[in-house]
Structure formats: structure tokens, C-alpha cells
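Rule-based calculations on the coordinates, nothing more; no lab input. Predicted, not measured: the structure shown is a model, and the values here were computed from it. For neighbour counting, all protein chains shown are included, and Cβ atoms are generated from backbone atoms with ideal geometry for every residue, glycine included.
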Amino acid sequence: MAAEIPANAPRTLALADRLERTPLGHAQMFALSAMWFALSVLWGSLLTLIIPIQVEDMLRRSGLTAAQVTAQKPGILGLVVAAGAIVALIIPPIVGSLSDRSTHRLGRRRPYVIAGVAVTLVGLLGMVAPNNLLIYSTAYLLMQAGSNAAVAAYQGVIPDLVPKEQRGHASGWLGMMSILGNIVGLLLGSVGLSRVHADDLLTFGQQAGVYGVIIAILVVFLAITYFGVRETPLAESPAPQTFVQMIKALWISPREHPDFAWVWLTRFLVVMGFNTVQFFLLYFLQDVVGIGRDEISGYAALMYLGLLISAAVAAIVGGRVSDRRGRKPLIYLAGALMTLTAVAFIGYIALHNLPLPGPFLAAFNSVFYCGIGFGIGYGIYQAVDWALGTDVLPGGDESAAKDLGVWHIALVLPQSLATVLAGELLTATAAAGMSAGTRYSLVFAMSIFYFILGTILVRNVRGAR
């Protein structure tokens, strides 16, 4: 995918001059984005279904009453996810910086991707049929460390190898493969848990089956990216850098790089909105909609499936359109669609408790679980936001993975903050005696605030259309 450096090439050329970026075809785009599919299968199954149900099961095994489990599970889930997000804050900038300076014969990125996936597999094995929250959380943190190390290096491949005029297209492929991975992960979790009944706990076989398929997908798609992506190794080692110097270099001044700072902040806010509701949708379906445990995986899969299919189509289309029309108009459209859908969720909660005619309520329910509007907005944002981030990287190609690692914090920090804030809000309002509908309406209102602010502030990005 990139030409080898001639033996007599000048060793003082900038990296941008040493990499020959030729237009990429669909097969190359597929290989370039294959690992995003596998990583999204991982998170699409774990975060939406597997982890929430495993946390609930561990609380049930601890001897708590059903009422205590219902009240405590959002807060416990938020703490587990937040602990993993802290690991995800630390790993990407450091590993990204190391990969930027790597002279390995396989390239700057692939050695770290391989090592990260290996650690991820060990963590996944530890998450099968946990006996208690401490063992489970430790394995989850290990899995987080490995997957974020892989992501930190992997996300530097697009700025390394893709011509700037194709980055929206490549970002669309990234978004589409990520969303398709979420769809597969969702279906995998739904099928794997399809025989969970109201009073049953997950069996070892059910958990081992789901985790086994996730591991197999990671290995297969790692191989596709490994053999399909040909990096150009650095011709010479960069100047030596101490650990202290590397840590200092992670700071990117908002005053010197305002566009990067605004893109970081707006991504942070939009992802805050998404994570405020994402981790609790399963509990929302149980506690507000009233779906029983024996049917929850099927209903959750149906709701997410409509959302993600529309998002996958919107991602590949939105990425290509942004190459021609600019990034910001599509960001505005995406933010508006996600905001309106969050408003519709609150409307559903209000109408759900009213004595509405059957046909009207059935029509409203179909809009609710499909979430087509949110899916289109999410897909566009997933594609275009990544392209916008690569457009304003402070260090250009020389430090792409390090800068994207810093930018990646805007994706993982909200997992820590949003899930804790929303989880504690749900727990505190339950203790205060508020109805489930009122509690989840407050959560959706929080997400609306984040979506609106994160969308409006994109106008401050001056260096991109």
C-alpha cells in the first residue's frame, strides 16, 4: 500500500515526503479498516448486552434482593466501565507516541496492534464466567489496556497511508466497518443470551460461546489487516527521547492549536451525550418499557439493529460527501438528528404511561426501538468526525498516532464521566422514590444538553470546512 524507501533516499526528508500515498481502491480500504470491524464486534456485544447482564448476575449471586439489584446495578455498572475508561485514558497517547517513533521492519503500527490484541485475548478469557466483581474488573481492565494499545497504533494508519483527498472516504469506511461490527456484536450477544429466562443466571457455556466467537473474529480480522496493509518502515531512528520528554510532548496547547482543541472538545461533548444513555439502554428497556429478562436480548437487538443498519449506510455515504462538501455541515446535521431522537425518547416515556389507543402506541413503539433518525445521525458523525480530526492534527504525519491518542481521550474520558454521572443519578433518584420514567427522562435530558453544545461549538473550527 505504500512504496518501499530506496536505499539511496535522503535520510533527512520529512515523513510526509518519505511516504508515497497513492489513491486506494475498495480492497485496500477494506483491509485498512478490517480491524475496526473486529474491535467493534468486541465492544458492540460487551457494552450493550454482555457486561450489563454479567454485572446484574454477580449482584444477584451476592444475595441482594431483586429491589436492591434494580437500584444498585446502574451505579455498579458505571463504576466498572469508568475504571476501564481510566486505563483507556492513559494507554493511547503513550503507545501512539511509541509507535510514531518505531523503526520495526513491519512498520510503525502493526507490531503494537499485534501485541495489543494478544493482551486483549488474555483479558477476554478472564471475563468468562467470573466469580466476583473483583476478578471480573481486573480482567476487564486488562482487556481495556490491550484493546486501547491496539487502537492507539492502529488509528495512525489512515494518516500514514491515505491521501488527504481520500480521508473522508477512508473515514467513512472506518465508520461503516465499526458500525457493522457493532451490528454483529449485538446479534452475537443476543443469540448467545437468547435462552436466558427471567429467573436464570448465565451459564458457563453461554458465556464461553459468546467470548469464543469474539476471540475468533479478533484473530481473523487481525490477519486481514496484517497481510493487507503494507507500511513503510522509518528509514532512520528519531532522536532519542526520555520518558519525561515523551510525557511532556503529549501536551497540545489549545492556544497554539485552537482547531484541534475545538475538535477535541466537541467530540468530547457529543460522546458524553452518547455514553450517558448507551450503557443504560438495557436497564431502560427492563425498568421503563417493562420487557422481561427472558425477552430482553431480543428486544435490545431489535432496537439496536435498526439504529446500526441506518448508521452503517449513513457512515459510508457521509464520509464521501464530506470530501466534496466539507465536514462541518454534516456534523451539524448529525448533531441535530441525535438531539431530536433523544427528545423522542423523552416523549416516548411521557406517552408510554398514558392510556393511548392501541394502534397509536404500537406506531410510537416502532419508532422507539428502531431509532432510524439517531442511527443516521450517529453514522454521519462517526465518519465525518474522524476525518475532521485528521484534518487538524497539530504535528502532521510525524506524530499522527500520538496526536490521535490525545484526541482519543475525547472518546474514552466520557465513558468514565458520563456513565458515573448517569449511573449515580439513576441510583440517587431511585433512592428518592422517583419513578423509573422520571429517572430515565432526566438521563435523556442530560444527553440532549451535550449533543446541542457539542454540535454548536464546531463552528469555532476555522481550519476545516
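Note on the range 42-160: the C-alpha convex hull projects to 7.7 nm² when averaged across all orientations. If a spin label sat at a point 7 angstrom from the Cα of residue 248 along the line to its beta carbon, no backbone N atom of the range 85-114 would be nearer than 17 Å. Amide H contacts under 5 Å for residue 327: 465, restricted to partners 5 or more places along the chain or on a different chain, H placed in the peptide plane at 1.01 Å from N.
If the chain linking residue 114 and residue 90 were pulled fully straight, counting 0.36 nm for each residue of separation and taking away their Cα-Cα distance, it would gain 6.7 nm. In this rough spin-label picture, where each label sits 7 Å from Cα along the Cβ direction, the residue 216-residue 457 distance is 4.4 nm.
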